[in-house]
Amino acid sequence: MGNALLRPLGRIAVGFGLALAVTACGEQDSADKVADQLDEAAEQSGPRAAEVIEDRADELRERETAAPPGQPGSYAQETMRRAGAAAVASETPPPSQ
């Protein structure tokens, strides 16, 4: 059962890893660029995680700049943390009685 909970996180990590691979290091990135990378990660994620990522990408497009996704605490990293939590929550079976 533990592996079943880790599968959604693996899909998210792979998708986000691909998005990070195309990110150059810099002080600030265009918010649209980071949002596009989040959309790429959403395409490779499970339904609940994808919903979270897409919503956050849409919110990010209202900004001009964003910290690079690889920067600790960046908007992108927080998005992936939330997506992972949503994926695990949607995969967790209810407690047996």
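The values are calculated or read from the model by the stated rules, or taken from the named source; none is laboratory data. Since this is a predicted model, take the numbers as computed values, not measurements. We place every Cβ from the backbone using ideal geometry, glycine too, and count neighbours over all the protein chains shown.
Residues in region 61-82 that are under 16 Å from D36 (Cα atoms) and small (G, A, S) were compared, and the one that is nearest to the chain's Cα centre (by Cα) is A76.
Scanning region 62-79 for residues that are in contact with an Asp or Glu (Cβ under 6 Å, 6 or more places away or on another chain) and either within 29 Å of E91 (Cβ to Cβ) or in a strand (DSSP E or B) (or both) yields one hit, A66. The set of residues in region 40-53 being assigned to a helix (DSSP H, G or I) and surrounded by fewer than 19 Cβ atoms within 10 Å (Cβ to Cβ) consists of E40, E43, P47, R48, E51. Just so you know, in region 14-39 the residues that are surrounded by fewer than 15 Cβ atoms within 10 Å (Cβ to Cβ) and among the hydrophobic types (A, V, I, L, M, F, W, C) include one that is modelled with the highest pLDDT, and it is V14.
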